Amino acid sequence: MDFNNSQSVGENYANPRTCFFHVLFKAAALAFYILFALFIDNFVIIFVVTVLLAALDFWVVKNVSGRILVGLRWWNEINDEGESIWKFECLDQESLARMNKKDSWLFWWTLYLTAAAWIILAIFSLIRLQADYLLVVGVCLTLSIANIIGFTKCQKDAKKQIQQYASNTIASRFSSTLQSAFSIV
């Protein structure tokens, strides 16, 4: 077996540092919550540190890893009438096509698995009748779901923009072909 030509795991990712931080705060929030809830009986410390780690994860995913790993960015604004307006940005079609599949896979799977883990922890808190710990899990789950909703809507918007661009390009070429055919006559 030739070990010199084998690829390390980091070489398969286009952005290994971003992938690392994408996973780091998710894992840190979950690990801190689980370990400290089992071994330390100080709710305030567990609440503050876990929510802080989940908030850091939310910020990193929304503002850094979402743009780098999948080429998407979202935010929500409130207009003068008090209505919520979703705003989306995505890379152009060519750049999106060049996105690393492994980076994208890691982004989406960790996003959904983290929410699933918080749901499982919420169920445990309910079974153990720990309303205070359910509050911690609820905040963390809300942040995870907000990113899932934001990026899912952003991905759908990006697909719609690509379809509109493609249909506009086809219509434009068709009309220019027709124009050139009639101008020859």
Mind checking which lysines have their C-alpha under 23 Å from residue 156, skipping anything on the same chain fewer than 8 residues away?
62, 87, 101, 102
Cα gyration tensor shape for region 65-150, rounded if a/c is under 1.5, else prolate or oblate:
oblate
Classify region 33-79 as rounded, prolate or oblate from the Cα gyration tensor: take a ≥ b ≥ c as the square roots of its eigenvalues, call it rounded if a/c is under 1.5, otherwise prolate when a/b beats b/c and oblate if not.
oblate
Pairs of alpha-carbon atoms within less than 8 angstrom and 6+ residues apart define the contacts here; what relative contact order does region 45-120 have, in percent?
24 percent
With every protein chain kept in place and a 1.4 Å probe, the residues 20, 107, 39, 88 fall, from largest accessible area down, as 39, 20, 88, 107
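The values are calculated or read from the model by the stated rules, or taken from the named source; none is laboratory data. Owing to the predicted nature of the structure, the values given are computational and were not obtained by experimental measurement. What goes into the accessible areas is simple: the full protein's heavy atoms, side chains included, and nothing from ligands, DNA or RNA. Shrake-Rupley method; radii C 1.70, N 1.55, O 1.52, S 1.80 Å.
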